Structure formats: C-alpha cells, structure tokens
Amino acid sequence: MIKDVVKDAVGEKVFFLGNEAIARGAIEAGIDVYATYPGTPSSEISDTLSEACKLLDKMEFYMEYSTNEKVAFEVAAAASMVGKRGMCAMKHVGLNVAADALFSFAYVGAKGGFVVVSADDPTMHSSQNEQDNRWYGEAAKVPVLEPSSIPESKELVKEAFKISEEFGMPVIYRTCTRLNHASGIVELGEIPEKKLEKVDWERDPLSQVIVPAIARQRKLVVLEKMEKIKKAFNNSPFNWVLDGNRREGVIACGLDYPYVVEALERLNVNLSVLKLSTAYPLPEKTIEDFLSRLDKIAIVEEVDPFVELHVRALAKDYGVEIYGKYNGYFPLNYELNIPTVEKGIAKMLGVKPVADYDSALQRASEIQKIAPPRPPVFCPGCPHAASFYAIKKVSEKYGGAALPSDIGCYTLGVNKPFEAVDICLCMGGGIGISNGLVRVVRNKVIATVGDSTFYHAAIPALINAVHTNANLTLIVLDNSTTAMTGHQPHPGIVERGCGVQAKAVSVEELAKGLGVEFVEVVRPYNIKKLEDTIKRAVEHDGVSVIVAKQLCAILWNRQRKSKGIEIRPFEVLDNCNLCLECVSSFACPAIIYDGEKVWIDATQCAGCGVCARVCPGDAIKPKKKGG
C-alpha cells in the first residue's frame, strides 16, 4: 500500500508487491528523475512512484509518464549526465523502443546513477512475444542485475545505482512477471532527505557527442569498464553459494533461486547451489570455483539459456556436465515453476520427482476442455466495442476491408463477433503496416490505434502516409487514458505523473497539423453517425483520420459515481423478437441470452445505450426509475 511505501520508519517490516518494493528501493536510493511508459508487468512501479511523489515530505524527485520508452530513457539519462540519479522502467518489449538510446548511452557513460528496469514476461501473460532482455546487456555491453525475491528487489535497486556510479555505466535491472506481481515482507530502510535542485550545465562533448571519432575511443572505455565490473561481480553480496554434500550442483538465476531451494527440499537432496543475481557480466571466477568441485550442474533460468551458454564454455575446462535448456532438462518456452525445476533436477540425478506432475497436468488439461472458453472481452460500456461494431458493418459493405490494428484493450476487436482486427504487430505497427498494404491490396484499408499508442509510435507512420498520399483510413480509439496498463495519463489529457496539471495535445489538431485533410471527431456511442463518418472517410481520396472519442467506461463509471450521478441501466422489453443482433453482432458482457430470452444484467450495465441503437426492433430502453 502507498502509505507503507512512503513510510519513514527504518527497520519496520511491511508487506509489498514486488513492484512496490522496487519503487521503495528507488526512493531509498534517492532518485532525482523517474520516467516511464507504462507496460505490464512494470506498471505498478510507476503508479506507486506517481502517488509517492505527492506524499513524501523530506524527499523530492521528478516523475513523468513519457510519450514512449525511448523518451523515458532519454529523460532519465539526462539526469545521469549532470550527476543526478535517473531511473526509467518499461516492459521487455519497451526496451526495444529504447534500444537506440541504450546502446549509445553505454558509450557516453553514467555520471549520476542510471537504472533501466526491464520487466520480462515469460509465458506472455500480457505480451506479444517472450523476450529475454539479458541479451541486451551483452549486446550493449552494460551490466544486468536480476533480483531473486521481494526483499532483494528493493535492496538490489540501491545496489544498481551504486554500481552505475562506481563504474560510470547504465545498469539494466531485469525482473520477471512472477516477481513483479508477487508479494513479500520487506524491511524498510532510510528515506534520504533531499530536494531536487538544478545544477549548472557543464559541457563534455568528448564523451557525450557520439560521432564516429569519439565513439571509437569510447568503445575501448566501455570494454575496460566491463572488465572491472566482471571482477567486482565476483565479490557481489547478491551472489552466494549454499554448500551441499554431493558432486552435483545447481546454478540458480534470479527469480528461480527460491524455486530451486524448494525443489531440492521436495527431493530431499543436499546439492550445492550457486545463486546468481549478476546476470551480466557473469562472475567467471565465482562460477569456475563452483564448477571445480562438481561433476554435474543444472542451470535454472527464465526464458533463454543465456547463463547456460556462457557456463558451457567455462565448463569444458573442468569436465563438468551441464544440464539445462539446450539438452532438454528445462523447457525453452514459458516461465518456470517449482514442478518444472524439480523435474529437471530429478532427471539430472536419475531419480523420480516426488509427484507425477505430467499426469496431473494431463488430467487438468482434460478437465479444462469441459469448461467453456472464457476469452477476455470488452468491459460493459466500452466505447471500443461500439467502434468495432461500426467498423465491421462498413467493412462488410466494401466486401471486406483490411483491418490492421495495434496494441491495447482494443486488440480484443480480433474476437468474435467483431472480427475487426486482422493484424497486430507492435506499437504503432497498425498504421505502419497500412502504409504498405495500400500498395499491394485491392481492399479498402481501415487501421485502428488507441490514443496512448497514437502518441507513442503512430505519428511517424501517419506522416509517412500523408507524404506518400496513402489511401487509408485511421480511426484513433480515444478513451482518454492508457487503459490496458492501469489508466495512466498520456499527452492527450490535462494531467501528468504525480497528478500535476499538464497541457493536453489534441489528436485531431495533430492530424490536421500533419496535413491530413479529412479529420472528424465522433462519439462512438452514436453508432449511426460513426458508421456514416467511416463510410465518408473510406471514400475520401488520401489519408482520412477519425477520432472516436469517448471516455473509458471504467473511468466514466467512476466519474459519475463521484459526482452522485445515477447510472441508469437499460432493459429488454417484451417486444424483443429474439433476432439476437445485440448478442451475435455486438456482444456486450451485460447482455445475456439464456437460450429462451435476452436480458440485461443491471449490475453490469454502464448505461451507454449502444445496445438500444444496435437493436433493429427498438426493444431495448432505459430502465424506468424504481423499476
């Protein structure tokens, strides 16, 4: 809870979400600037700090929700360049967006501490790919740290800042979903007393202007720094060895350390365990010392066999057999858990796991087939549902348009009955793909993008469309929030991080400023007007932009409740002829067909009235007061 995150009570033990522990670590480290683009599983770090900066008395820092991850990285890097502590956080794919800045900033080097949190998402709980960002550490030549527990999550943030400042390098702080969203007991440290005071700019072009002549020199500096870090990691207090009494051992990386400990307890074996939190550069001397006294080693790590690859190279000199992902002892796909870790170690030891996990999973799979599928759906009253209903109707009239989209709540438009999303590649990819489709398909092209994603990555592609006179329609689904990750602010609203007032940047005015001639704003709840507008936009020669503007239903409900406004649900009247248009084509979760009749669950209904406009028989009306 936020009151515990900002509590100034050294030594007190509190219960934190993993992301709250990371946020508290940033506070105890005395951050000066924090920037982010929200992305699950990292979002709560930022949301916590956005609340904390309103409540902290003795400590001051600047916090913002940036336009995208690259901007967030650069905002935090600027703080580091002048000796302040900068931090940014993002999900794993967000680091792809910030990678250009990451690689170059490694050459520039950190002056004040700089930490970038990369929250990886094994099993892709809320992501479009399963990516291991430890590779970025090796590719960009920057250190990577990886916590193993909730308490360590807090302490390792502070260590990351120390390492960054000691060696003058940015640090990647890698987490995984299970740690971000787990909870544990954390002992509070001291909150520093500090103000965010501005300093005078000092020029240093020989390290900060990365033109080729300077970059060639700085590359040598980076390599030298990394060698020093590698040696220092051999003495890291966040790496340790649990001694065993056998010739087999386990290297446990970050989050998987507690899995390994519990798996060994279940198997009732006492193996030596090397716990690693310095993922890159690997502490080779520590690893070699561990290898030298063992015959077999299992390597347990999330996502890719990153550590395994490096340890295999070292193990050749010691004749140690390696059991990991490469030879099938642990899966290459999805996140690990205690049973999978136990099975892999048991296989290495030539014993059976304590339970028949495979049979249990098979039985669970059979039972799961009986249960009806429960895909994620739009919330009752979601304006995106209305938009996709209209888009599909128009698309059908043109014989089926190509319908590229983007990443957000609205990606659910791919599901039945809407089926109005054909492509989802990456942030901003919908309009980018549309630029190419108009050159190679006969169909009309109608792209959709959310407002937050529009600011994040769609603007350059829209400029490209205008410049090349691409014949496409872009519908910006503007619900005035970054809804999918927890309703964070973005440049389109009058608030930024910490609840501070900000200048809103208008989607429609931006589109006009870029040279789009057809720009119209429509409330998606007005289905007929939206359909008509889409038709006219599709017939327009060139780029057309529609802003489907309606507040997110969750926020709309909260807004009305806070003002004491009654949310008046709708109901199905007796003249319903069971045409099922409201169920088979619109599919609001509040509308229920029980096999005999259609009715509306008043506890779910947001009172948007779209179902009434969809109903061809005029059989849905607002419920009478007191009825």
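For the reader, a short list of remarks on this structure follows.
- Condition met for residue 155 (within 24 Å of residue 12 (Cα to Cα), in the same structural domain as residue 16 (by TED's automatic domain parsing), acidic (Asp, Glu) and under 26 Å from the mean Cα position of the chain (by Cα)): yes
- In segment 317-343, of all residues being within 26 Å of the chain's Cα centre (by Cα) and among the hydroxyl-bearing types (Ser, Thr, Tyr), the one that is farthest from residue 175 (Cα to Cα) corresponds to 340.
- Filter result (surrounded by 10 or more Cβ atoms within 10 Å (Cβ to Cβ) and not hydrophobic (A, V, I, L, M, F, W, C)) within segment 196-218: 204, 207, 208, 216, 217, 218
- Options 286, 278; residue that is in contact with a helix residue (DSSP H, G or I) (Cβ under 7 Å, 6 or more places away or on another chain), hydroxyl-bearing (Ser, Thr, Tyr) and in the same structural domain as residue 323 (by TED's automatic domain parsing): 278
- Flag for residue 447 being touching a helix residue (DSSP H, G or I) at 6+ places or on another chain (Cβ under 7 Å) and over 18 Å from residue 522 (Cα atoms): no
- Every residue from segment 562-582 that is without any contact (Cβ under 8 Å) to a residue 24 or more places away in the chain and either in contact with a helix residue (DSSP H, G or I) (Cβ under 6 Å, 6 or more places away or on another chain) or of a type in the set (Val, Ile, Thr) (or both): 565
- Close pairs from segment 6-28: first at pLDDT 95 or above, partner of a type in the set (Asp, Glu) and part of a strand (DSSP E or B), Cβ under 6 Å, at least 6 apart: 13/187
- Out of 408, 436, 413, 428, sole residue that is modelled with pLDDT of 95 or more, under 24 Å from residue 97 (Cβ atoms) and not aliphatic (A, V, I, L, M): 436
- Selection of segment 302-329 for residues being more than 22 Å from residue 258 (Cα to Cα) and of a type in the set (Val, Ile, Thr) yields only 320.
- Residue 408 vs. criteria assigned by TED's automatic domain parsing to the domain that holds residue 494, closer than 21 Å to residue 522 by Cα and not basic (Lys, Arg): yes
- Scan of segment 51-69 for residues that are over 14 Å from residue 24 (Cβ atoms) and part of a helix (DSSP H, G or I), ordered by number: 54, 69
- Taken residue by residue, segment 535-543 has no member that is within 26 Å of the chain's Cα centre (by Cα) and among the charged types (D, E, K, R).
- Condition check for residue 209: without any contact (Cβ under 8 Å) to a residue 12 or more places away in the chain and of a type in the set (A, V, I, L, M): yes
- Among the residues here, residue 510 qualifies as assigned by TED's automatic domain parsing to the domain that holds residue 436, crowded, with 16+ Cβ neighbours inside 10 Å and in a helix (DSSP H, G or I).
- Residue list for segment 416-436, filter: crowded, with 19+ Cβ neighbours inside 10 Å and among the aliphatic types (A, V, I, L, M): 420, 421, 427, 431, 433
- Here residue 559 meets each of (1) polar (S, T, N, Q); (2) closer than 16 Å to residue 380 by Cβ; (3) touching a residue at least 24 places away in the same chain (Cβ under 8 Å) with one exception, condition (3).
- Test: residue in segment 329-348 that is polar (S, T, N, Q), more than 22 Å from residue 281 (Cα to Cα) and exposed (fewer than 14 other Cβ atoms within 10 Å of the Cβ): yes
The values are calculated or read from the model by the stated rules, or taken from the named source; none is laboratory data. The model shown is predicted, which means the values in this text are computed figures rather than measured ones. Reconstructed Cβ throughout: ideal geometry from the backbone, glycine too, with neighbour counts over all protein chains shown.
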